[in-house]
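Working notes, structure below.
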Amino acid sequence: MESDLIFTTDEAAEFLKTTRRTIEEMARRGDLPAVKVGKEWRFHLEALADWVRAGRLVRSAPKKQKQPKPPINQSPPSLRPVDWSQRKAVNA
């Protein structure tokens, strides 16, 4: 019977058009319906199909916002030139 089909990780990755690594990570996090048999994951075809139909696709993490760069003509404080004429001499 087709509804009793059990997929390996590679077969589930092919079915969902993604990578083996993604499937394993999603199964480990509990984002994907799966059962661990020994060291390997197994996926029931109907559970995967129901999961897709239900729209339970995990959204990717939000992208990090880039930090604004300082203006080109302004150096960070540690890189600004030192005016040595304003320094007092220290007697050794």
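None of the figures in this text is laboratory data; all of them are computed from the coordinates on show. Keep in mind it's a predicted model, so treat the numbers as computed, not measured. Here the Cβ is made from the backbone with ideal geometry for all residues, glycine too, and neighbour counts use every protein chain on show.
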Using a simple spin-label model with points 7 Å from Cα along the Cα→Cβ vector, what separation in nm is obtained for residue 50 and residue 14? 2.5 nm
Where Rh is the Kirkwood radius over the Cα pairs of segment 2-53, the temperature 10 °C and the viscosity 1.306 mPa s, what D in µm²/s does Stokes-Einstein return? 148 µm²/s
Long-range amide H partners of residue 44, meaning residues 5 or more apart or on another chain whose placed amide H is closer than 5 Å, are 7
